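In what follows, a structure is listed as structure tokens, so that the remarks can point back to it.
The values are calculated or read from the model by the stated rules, or taken from the named source; none is laboratory data. From a predicted model like this one, the values you see are computed outputs, not experimental measurements. All Cβ positions, even for glycine, are placed from backbone atoms using ideal geometry, and neighbour counts span all protein chains on display. Keep in mind that these areas ignore ligands, DNA and RNA; they rest on the heavy atoms of the full protein, side chains included. Shrake-Rupley method; radii C 1.70, N 1.55, O 1.52, S 1.80 Å.
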Amino acid sequence: MSNIFIISAPSGCGKTSLVRDISRIYDFLELTISCTTRKMRKGEIDGIDYHFVDQATFKAKINNREFIEHELVYDNYYGTTYNSIRNIVNSGNDAILEIDHKGMIKIKKQIPSAISIYILPPTLKELKNRLIDRGLDTKEVINKRISNAENELKFSRFSDFTIVNDDYDIALSSLKSLILYQKIFQNTTISRLNSYFESC
Ligand code: 5GP
């Protein structure tokens, strides 16, 4: 049986790097590709980072009930399709989703066995410094992201696990251990143990 891992965090907490690195480390993990109406950033590739679509296409997907969840995040639509998860699970891999806190809660409601992991910044001050350093957003957007982060962080208590990204290597090790633990735990269910002993 496959696992579904949902990773969420306010912007600037290192979530994208953690998800990218963990997907490289564990080849059983496959990242779902969301749809978005946001403009492509420099270096991003359509179909790899996101499926970049226009509003009309996104709305048609909503009407066709293609999304397990979708949200308006910073004035752009983002959504996870049922198919993006189904295809991974059907291939026997574990799915890893990098989505916002509202999407995390919606998916947990529909798939309670999904494992939600919330990445926290050491402090809000540090988060602001990181957003400035990465240089992706205007000052106005950074201030908006910070005030949203204060609110978003409260949602961490609804996740199954939290990881504080103070030291990146330690945060990545924690994520590695957590995912491996879930994998071992799941493979040690009674039914699997029974079939193991039956085959001995
Ligand atoms: P960015 O534009 O920086 O790539 O992403 C903005 C926010 O949207 C991030 O918090 C990201 O995790 C979130 N996001 C990306 N894909 C999805 C999705 O499919 N659903 C939801 N709810 N949020 C998403």
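For this structure, a couple of remarks:
- Cut-off 12 Å between beta-carbons: net charge of the residues surrounding Ser23, Lys and Arg +1, Asp and Glu -1: -2
- Share of pairwise Cα separations in segment 4-185, more than 28 Å, in percent: 21 percent
- Low-density loop positions, trypsin sites (Lys or Arg not before Pro), segment 39-129 - DSSP coil, at most 15 other Cβ in 10 Å: Lys39, Arg41, Lys42, Arg65
- Spacing of the modelled spin labels on Thr188 and Asp160, each 7 Å from Cα toward Cβ, amounts to 1.5 nm.
- Residues Val53, Val89, Val164, sorted by accessible area with the largest first, give Val164, Val89, Val53 [1.4 Å probe; ligands and nucleic acids excluded].
- Here segment 4-185 is assigned +1 on the Cβ of each Lys and Arg and -1 on the Cβ of each Asp and Glu. Its dipole about the Cα centre then comes out at about 380 debye.
- On Cα atoms only, tilt of 139-152 relative to the major axis of the chain in degrees: 40 degrees
- In this simple spin-label model, placing a label point 7 Å from the Cα along the Cα-to-Cβ direction at both Ile48 and Arg65 gives a separation of 3.5 nm.
- Modelled this way, with points 7 Å down the Cα-to-C-beta line, the labels at Asp167 and Glu150 are 3.1 nm from one another.
- Scalar couplings 3J(HN,Hα) for segment 76-87, obtained by applying the Karplus form with A = 6.51, B = -1.76, C = 1.60 to θ = phi - 60°, are 10, 7, 9, x, 9, 7, 4, 4, 5, 7, 4, 4 Hz; x denotes Gly and Pro.
- Loop trypsin sites (Lys or Arg not before Pro), segment 129-200, which have at most 11 other Cβ atoms in a 10 Å radius of their Cβ (DSSP): none
- With DNA, RNA and ligands ignored, accessible area of Thr138 (1.4 Å probe; Å², nearest 10): 80 Å²
- Percent antiparallel among DSSP beta bridges (both partners in segment 4-185, rounded to 5): 30 percent
- Legend: distances between Cα atoms for Lys42/Lys183; Lys39/Lys176; Lys106/Lys154; pairs beyond 24 Å are Lys42/Lys183; Lys39/Lys176.
- Here the accessible area of segment 30-186 is 52 percent carbon and sulfur, with a 1.4 angstrom probe and all protein chains present.
- Extreme residue, positive dipole direction of the chain, given options Ile85, Ala114, Phe155 (C-beta unit charges): Phe155
- Per residue, in Å², the accessible surface of segment 4-185 once ligands and nucleic acids are set aside, probe 1.4 Å: 54 Å²
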